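Reviewing the structure listed below.
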Amino acid sequence: MSGFVRGGGGWECDGVPLAAMAAEVGTPVYVYSAAVIRERVRRFRAAFEPWPHAVHYALKANSNLAVVDVVRAAGGLVDANSGGEIEVALRAGFAPGDIVFTGVGKTPAEIDRAVELGVKAINAESAGELERIAGAARRRGTTARVALRVNPDIAADSHPHISTGLSRHKFGVAIGDARAIVRDASRRAGLRFTGLHIHVGSQMLGLGPLRRAAASVVALARELADDGVKLEHLDLGGGLGIAYDEAGGEPPPVDAYAAALVEATRPTGLTLIVEPGRAIVGPAGVLLASVVDVKPRADGTWFVVLDAGMSELMRPALYGAYHRIALVEEREDDVVTCDVVGPICESSDVFGVERRLPLPAVGELVAVFDAGAYGSAMASNYNRHPLPAEVMVDASAWRVVRRRQTMDEQLAGEVAASVPRGAMP
Ligand code: LLP
């Protein structure tokens, strides 16, 4: 079995003890399993196989070059959400035709770059943006391939911060306005209108919202066909959840997810695009941290303080997200109730409350699971923490795929106010 398993000497990743990697690289460090990423890309591709499709991995979940490279080698394409993510995709070896470009606020420079490259589709967020894309294309004497992001006003039944498909959310154009906007855009010089795009939310554990969203966009595609607009694809976004909590919700299997989307799309005959992020890389990564303090509390429980916090993994602080936590050298003795917390000066800097763990000693290693998606990608320098190291295990060998940021790298580009102007470091 690939991935993270409990071995004789503690938790391992594809046969490599987590403790061995932490001993060499230090903590905090993210550890990824190339085999798990590969397996998950393949599972998505196989599940959609009966229908013309493309799996565009959402780079925002984790755009470490090594991760993106594994996705590419496994046959995944990409969804970029910024100019930066487009550049990462190119450096990882993707061609412009492998990239769909989404994003609620594309700058003129980002639009121009996407037009210059000729990406597969720019998912436009408004009529105004379509006009700006057309302008950029005309200036370059070319035609931009565009799709329209539609807001279907459907609840994702997920955390409010990661639900995106209601009319009060900033994403896309209201579905009622879409037909007229597409009709207009499809006649505009500089644009080749290719598809419709939706993404209703993330970490979804039910298929209902996806089915409803797909149905509404399929209805729109039919209306557009009546208007003579010939689309190429429907991009139904990402959003399939993962099982963070063994006691919590389970996502539907990828096969059921794919079957539901294919069934909805079938009447249109259009190619199906999906943009999974979390479901590809979430379970493929853990965050390893060291215990730096253990403090008793008046009620008999404990604080276990780690050297990683919300600066390395923001999800628990930002969404109250649950991540499984274990000692890397797991044992059954001395189990206590503890809050596992980070070192950041915020009371929200908590990885887990009332967890049952063997009381660790200072210096022991802790693994935070399912941290491959939206972990390192959302890390920051808050409290001047360096961006963490990242390691990838592939076929029982491992290597550092991002070294820990140095203090000089962190300060590069900053200048003290007392230094004379023009004397950049
Ligand atoms: N496509 C679009 C247009 C998106 O906005 C997203 C995620 C995805 C695809 C990928 O969704 P996924 O398959 O990963 O659910 N930071 C949050 C998640 C934010 C998701 C934003 N959009 C978290 O840590 O849960």
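Structure notes:
- Condition met for Thr164 (within 12 Å of the ligand (Cβ to nearest atom) and either over 23 Å from the mean Cα position of the chain (by Cα) or free of Cβ contacts under 8 Å to residues at least 60 places away in the same chain (or both)): yes
- Qualifying positions in segment 31-46 - more than 15 Å from the chain's Cα centre (by Cα) and part of a helix (DSSP H, G or I): Ala34, Ala35, Val36, Arg38, Glu39, Arg42, Arg43, Phe44, Arg45, Ala46
- Within segment 173-192, tally of residues that are among the aliphatic types (A, V, I, L, M) and either outside any helix (DSSP H, G or I) or touching a Phe, Trp or Tyr at 6+ places or on another chain (Cβ under 9 Å) (or both): 6
- Flag for Asp157 being open to solvent by 40 Å² or more (accessible area, probe 1.4 Å) and assigned to a helix (DSSP H, G or I): no
- Checked against the criterion of being touching a strand residue (DSSP E or B) at 6+ places or on another chain (Cβ under 6 Å) and of a type in the set (D, E, K, R), the candidates Arg132, Arg149, Arg168, Arg140 yield just one match: Arg149.
- Subset of segment 76-94 [open to solvent by 30 Å² or more (accessible area, probe 1.4 Å) and more than 14 Å from the ligand (Cβ to nearest atom)]: Gly84, Glu87, Val88, Leu90, Arg91, Gly93
- Ser418 vs. criteria modelled with pLDDT under 95 and at positive phi: no
- Within segment 169-187, the set of residues being open to solvent by 70 Å² or more (accessible area, probe 1.4 Å) and either within 16 Å of the ligand (Cβ to nearest atom) or more than 23 Å from Gly201 (Cα to Cα) (or both) comprises Lys170, Arg183, Asp184, Arg187.
- Output for segment 324-338, where each listed residue is assigned to a loop (DSSP other than H, G, I, E, B) and of a type in the set (Val, Ile, Thr): Val328
- Condition met for Leu220 (modelled with pLDDT of 95 or more, within 15 Å of the ligand (Cβ to nearest atom) and not in a loop (DSSP other than H, G, I, E, B)): no
- The listed residues are Ala189, Ala219, and the only one of them that is more than 26 Å from Ile111 (Cα to Cα) and either assigned by TED's automatic domain parsing to the domain that holds Asp245 or within 19 Å of the chain's Cα centre (by Cα) (or both) turns out to be Ala219.
- If only residues of segment 95-135 that are within 16 Å of the ligand (Cβ to nearest atom) and farther than 18 Å from Gly237 by Cβ are counted, the one that is surrounded by the most Cβ atoms within 10 Å (Cβ to Cβ) is Ala114.
- All told, Ile122 meets the bar of being in the same structural domain as Ala80 (by TED's automatic domain parsing), free of Cβ contacts under 8 Å to residues at least 40 places away in the same chain and not in a helix (DSSP H, G or I).
- As a summary of the residue check, Pro343 satisfies the conditions (1) assigned to a loop (DSSP other than H, G, I, E, B); (2) surrounded by fewer than 17 Cβ atoms within 10 Å (Cβ to Cβ); (3) at pLDDT 95 or above; (4) not basic (Lys, Arg) except for the one numbered (2).
- Qualifying residue in segment 183-200 (condition: modelled with pLDDT under 95 and in contact with a His (Cβ under 7 Å, 6 or more places away or on another chain)): no
- Taken together, the residues in segment 305-321 that are part of a loop (DSSP other than H, G, I, E, B), within 16 Å of the ligand (Cβ to nearest atom) and open to solvent by 10 Å² or more (accessible area, probe 1.4 Å) amount to 4.
Each row is one residue, and each column tells you yes or no for (1) open to solvent by 60 Å² or more (accessible area, probe 1.4 Å); (2) in contact with a Gly (Cβ under 9 Å, 6 or more places away or on another chain).
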| residue | (1), (2) |
| --- | --- |
| Gly372 | no, yes |
| Asn383 | yes, yes |
| Ala397 | no, no |
| Gln405 | no, no |
| Gln410 | no, no |
| Glu414 | yes, no |
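- Each residue in segment 275-305 was checked for being farther than 30 Å from His199 by Cβ and in contact with a Pro (Cβ under 7 Å, 6 or more places away or on another chain), and 8 of them qualify.
- Residue match in segment 206-213 (condition: part of a loop (DSSP other than H, G, I, E, B) and either more than 13 Å from the ligand (Cβ to nearest atom) or charged (D, E, K, R) (or both)): yes
- Of residues in segment 143-154 being within 19 Å of Ser216 (Cα to Cα) and modelled with pLDDT of 95 or more, the one surrounded by the most Cβ atoms within 10 Å (Cβ to Cβ): Leu148
- Exactly one residue out of Val368, Val391 is under 27 Å from Leu65 (Cα atoms), within 16 Å of the ligand (Cβ to nearest atom), crowded, with 19+ Cβ neighbours inside 10 Å and within 22 Å of the chain's Cα centre (by Cα): that is Val368.
The values are calculated or read from the model by the stated rules, or taken from the named source; none is laboratory data. A quick note: this is a predicted structure, and the numbers were derived from the prediction, not measured. Don't worry about glycine lacking a Cβ; one is built from the backbone with ideal geometry, like all the others, and counts go over all protein chains shown. Accessible surface areas use protein heavy atoms only, side chains included; no ligands, DNA or RNA. Shrake-Rupley method; radii C 1.70, N 1.55, O 1.52, S 1.80 Å.
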